[in-house]
Amino acid sequence: MTNSFGRSTVLGYPRIGANRELKRAVEAYWAATIDADELDRTAAALRARVWQTLRDARLDAIPSNTFSYYDHVLDTAVAVGAVPDRFRRLGLSELDTYFAMARGVDAEPALELTKWFATNYHYLVPEIGPDTAFAANPAKPLQEYAEASALGIATRPVLVGPATLLLLAKPDRPGFDPFDRLDDVVDAYADLLAALAEAGVAWVQLDEPAYAADRTAAQIDGLRAAYARLAELAHRPRVFVATYFGELGDALPALVDTPVEAIGLDLVAGPGNLRRLAGAGPLRGTTVVAGLVDGHNVWRTDLRAAIATGAIVTGLADHVAVSTSCSLLHVPVDLSAETRLDPQLVARLSFARQKVDEVVLVGQALRDGTAQLPPPLPDPPAAWRDEQVRARLAAVTPADRRRGPYADRAAAQQARLRLPALPTTTIGSFPQTAALRKARAAVRAGTLDGPGYAGRMRAEVEHVIRLQEDLGLDVLVHGEPERNDMVQYFGEQLAGFAATEHGWVQSYGTRCVRPPIIYGDVRRAAPMTVEWAAFAQSLTARPVKGMLTGPVTILAWSFVRTDQPLADTADQVALALRDECRDLEAAGIAVIQVDEPALRELLPLRAAEQKAYLDWAVGAFRLATSGVADGTQIHTHLCYSEFGDVITAIDALDADVTSIEASRSKMEVLDDLAAIGFGRGVGPGVWDIHSPRVPPLDEVVEALRRAVAAVPARRLWVNPDCGLKTRAYPEVEASLRHLVAAAAEIREG
Ligand SMILES: Nc1nc2c(c(=O)[nH]1)N[C@@H](CNc1ccc(C(=O)N[C@@H](CCC(=O)N[C@@H](CCC(=O)N[C@@H](CCC(=O)O)C(=O)O)C(=O)O)C(=O)O)cc1)CN2
Ligand SMILES: [Zn+2]
């Protein structure tokens, strides 16, 4: 077989558009201000721009079907016919059925949304059962292939691979393992491949990132068998199996054994893949697609190091192509849109568009050595180091990560707070209304000044406090109106962080984030939240919860420096938060919540690496929160993941109260907590805030009854699953009324 793959490629590219055009179009379609045709025209234009960009950058193997209206896992589920009956029965158009699966409709809750490996991207979890009627539906990849072909660009359609699709799925009934349907789903992939071949597709990319995590021998055998079968097909494109996010371990030789034409390895997150490849090789006829440019972080590639690694791969396989380590979905679109960043930082950065150039350069260098490489970067500016912070960190002792005994704390806190049984509270944010976002946009545009902005935010805080008093909540929040995002807000205030203007990255569906960039030592220049919390507290006699984002989550949702261990960066952030906690306490704030929704997200995919991670993650949280007196109540909040695997770490955080997403999993987390003898306050979410649906009173009462059966009432808190920023006021008011009424009903017994 000839080496037709090409020399350079990317595993995927951002689909949101340089200015989040896709978000605006999809949300306009949902609001019925544009129709499906107009949505499709906008989408087609965005796709065309991506392909042209990649071609003009002289990338010679260009992916397609990396576009998505919501999520690429959902797209693949649809492509193999895994649409649950409960959505088919709605009788909606294909597009609206798709959005119903993604967002739910009144009658049907959405598919579950969960983290895509260790990233801040969220995918929709396919529901697979013994009766799922798999059937190929190649319309979307064919359409995109045809659109690109019309531009003269031959593309490589990308799908999630069959094994990963099933490993990411959940059973539609208890006790069933979706992986048991591997043979059946492979039949559907076979039909997809046949349809693509028929349309002239030369290469297809099937993503199998699930094999960068620990897998059983049976799951690895499944992978081998699936690709052996697909390879046997008489009419099919050549198959490129892409893996990413880490080392493949035993799955690597298994994959090498299969007759697929190309294998992709992440050599950034999984440097050990190289050694494993050396053990499996030499590869004859198979193309190795070497992931040498980091797709999950924003640092400029060390081109000389990448070329050196690429040269080693060249010694192990006949054909080598250069690629990104994973899809570029996880980085912002284009660095050239940033006009306000420090030039010394810009010189060190590379966003999606720049990473394409890096891939092309490394590919050229490996082919014929002609690439003109820019000079290597000098050492980082001395000003990025902060000797005081380093000295302070070096002097941290174990005692700085420890509070007094919980029993003493609980007594001191109850004496101070005098809360009723089953205290009611919320997780922090109230709706981020259009008016709030517009006010921030006006400040950026220079049409609203600082005092004018602060006045508007104070008015919002007052509104939120009055609403909570009226609803009868026990522990109030200020509502976070002044925060564009729970991480970016802190990144904008901490030294060592840079914020972008346009560096949007898709988090889920139409929701995007602008992760700040941690480039230097971290220092708190001034209190970050104290004025807002103190103002809110001045308005009410009830306790107001101070609201901070924890060190692990700040790291997880930022782009982090790679020149020192994550543990050190986390501790630097923790020291800044420790000072903030103390300042909140000094300002009279008796309850402080330090959110760690990303605690589970950064958990390494391999069990062998998990303990070390949890040790530093827990240590950083405790460093942030252990500087306060016994009478100050520390809360934490966790959401957006299954927490079963990190339950002992949650216990080790030693927070006085832990609020945790629970309503969609029917309070299962309470069993996990009970199993380890968790003995502090806990607030299992009783309202799923991910949809606009108002939970009926009896549903909240029922959830609370289940909770009271598992947790003694004196330790049980009543709260929603997460913050309310994505919700609107009507549903928030109605739902919180039910929440308060349900707590009252249970208190009365
Ligand atoms: N970083 C982070 N990761 C997280 C979460 C989170 O809260 N933060 N939550 C979980 C779920 N993920 C989420 C991610 C994003 C959003 C979200 O609501 N994002 C907003 C943007 C938030 C933001 O940055 N807002 C800015 C900018 C808003 C904006 O779009 N402004 C307009 C102008 C104003 C207007 O006319 O609306 C513009 O820039 O063009 C602000 O409020 O200042 C969105 O996509 O719409 C929610 C959940 C897990 N990961
Ligand atoms: Zn949350």
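Kindly indicate whether any position in segment 512-531 is modelled with pLDDT of 95 or more, closer than 30 Å to Arg418 by Cβ and in contact with a strand residue (DSSP E or B) (Cβ under 7 Å, 6 or more places away or on another chain). The answer is yes; a qualifying residue exists.
In the condition set (1) surrounded by fewer than 13 Cβ atoms within 10 Å (Cβ to Cβ); (2) over 30 Å from Asp656 (Cβ atoms); (3) hydrophobic (A, V, I, L, M, F, W, C), Val331 is compliant with all but (1).
Rundown of residues vs (1) closer than 30 Å to Ser68 by Cβ; (2) free of Cβ contacts under 8 Å to residues at least 60 places away in the same chain, yes/no style:
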site: Tyr508; (1), (2): yes, no
site: Arg511; (1), (2): yes, no
site: Arg514; (1), (2): yes, no
site: Arg523; (1), (2): no, no
site: Thr540; (1), (2): no, no
site: Gly546; (1), (2): no, yes
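Under the condition of being in a loop (DSSP other than H, G, I, E, B) and surrounded by 15 or more Cβ atoms within 10 Å (Cβ to Cβ), the residues counted in segment 343-390 number 6.
Going by the structure shown, is Pro141 open to solvent by 30 Å² or more (accessible area, probe 1.4 Å) and either within 29 Å of the chain's Cα centre (by Cα) or not hydrophobic (A, V, I, L, M, F, W, C) (or both)? Steps first, please.
Working: open to solvent by 30 Å² or more (accessible area, probe 1.4 Å): no; either within 29 Å of the chain's Cα centre (by Cα) or not hydrophobic (A, V, I, L, M, F, W, C) (or both): yes.
Against the criterion (open to solvent by 30 Å² or more (accessible area, probe 1.4 Å) and either within 29 Å of the chain's Cα centre (by Cα) or not hydrophobic (A, V, I, L, M, F, W, C) (or both)), Pro141 does not qualify.
In this structure, Gln593 qualifies as under 21 Å from Ala415 (Cα atoms) and within 16 Å of ligand 1 (Cβ to nearest atom). Each residue in segment 280-315 was checked for being of a type outside the set (Gly, Ala, Ser), touching a Leu at 6+ places or on another chain (Cβ under 9 Å) and free of Cβ contacts under 8 Å to residues at least 40 places away in the same chain, and 4 pass. Ala624 meets the conditions (1) within 16 Å of ligand 1 (Cβ to nearest atom); (2) more than 19 Å from Ala703 (Cα to Cα) in every case but one. The failed one is (1). Scanning segment 685-723 for residues that are among the aliphatic types (A, V, I, L, M) and within 16 Å of ligand 1 (Cβ to nearest atom) turns up just one, Ile689.
Reported count of residues in segment 637-667, each being within 19 Å of Leu716 (Cα to Cα), more than 15 Å from ligand 1 (Cβ to nearest atom), open to solvent by less than 10 Å² (accessible area, probe 1.4 Å) and outside any loop (DSSP other than H, G, I, E, B), is 3.
Yes or no, residue by residue, for (1) near ligand 1 (Cβ under 9 Å from one of its atoms); (2) of a type in the set (D, E, K, R):
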{"site": "Gly472", "(1), (2)": "no, no"}
{"site": "Gly479", "(1), (2)": "no, no"}
{"site": "Glu482", "(1), (2)": "no, yes"}
{"site": "Met486", "(1), (2)": "yes, no"}
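Which one of Ala435, Ala439 is open to solvent by 60 Å² or more (accessible area, probe 1.4 Å) and without any contact (Cβ under 8 Å) to a residue 24 or more places away in the chain? Exactly one residue qualifies, and that residue is Ala435.
Annotation: of all residues in segment 668-697 being over 21 Å from Pro712 (Cβ atoms) and among the β-branched types (Val, Ile, Thr), the one that is surrounded by the fewest Cβ atoms within 10 Å (Cβ to Cβ) is Val694. Strands (runs of 3 or more DSSP E) fully within segment 466-520 that include at least 3 residues being hydrophobic (A, V, I, L, M, F, W, C) and either assigned by TED's automatic domain parsing to the domain that holds Val552 or within 16 Å of ligand 2 (Cβ to nearest atom) (or both): 494-498.
Scanning segment 49-74 for residues that are assigned to a helix (DSSP H, G or I) and open to solvent by less than 20 Å² (accessible area, probe 1.4 Å), we see that the one that is farthest from Ser93 (Cα to Cα) is Leu54. Any chance segment 531-551 includes a residue that's aliphatic (A, V, I, L, M) and more than 30 Å from Ala744 (Cα to Cα)? No, the conditions are met nowhere in segment 531-551. Pairing each residue of segment 710-724 that is at pLDDT 95 or above with any residue that is in a loop (DSSP other than H, G, I, E, B) and more than 16 Å from ligand 2 (Cβ to nearest atom), provided the two are 6+ apart or on different chains, yields C-beta distances under 8 Å for Arg715/Gly679; Arg715/Arg680; Leu716/Ala421; Leu716/Leu422; Trp717/Leu422; Trp717/Pro423; Val718/Leu422; Val718/Pro423. Of all the residues that make up segment 224-246, how many are touching a helix residue (DSSP H, G or I) at 6+ places or on another chain (Cβ under 9 Å), touching a residue at least 40 places away in the same chain (Cβ under 8 Å) and either among the basic types (Lys, Arg) or under 17 Å from Val289 (Cβ atoms) (or both)? So the answer is 9.
There is no residue in segment 471-484 that is open to solvent by 10 Å² or more (accessible area, probe 1.4 Å) and without any contact (Cβ under 8 Å) to a residue 24 or more places away in the chain.
Here are Asp672, Asp698, Asp651, Asp645: which of them is away from ligand 2 (no atom under 16 Å from the Cβ), modelled with pLDDT of 95 or more and closer than 19 Å to Glu596 by Cα? Walk me through it before giving the result.
Values: Asp672 fails: modelled with pLDDT of 95 or more; Asp698 fails: closer than 19 Å to Glu596 by Cα; Asp645 fails: modelled with pLDDT of 95 or more.
The unique qualifying residue is Asp651.
The values are calculated or read from the model by the stated rules, or taken from the named source; none is laboratory data. What you are looking at is a predicted structure, and each value in this text was computed from that prediction instead of being measured. All Cβ positions, even for glycine, are placed from backbone atoms using ideal geometry, and neighbour counts span all protein chains on display. Areas reflect the complete protein model, heavy atoms only, side chains present, ligands, DNA and RNA absent. Shrake-Rupley method; radii C 1.70, N 1.55, O 1.52, S 1.80 Å.
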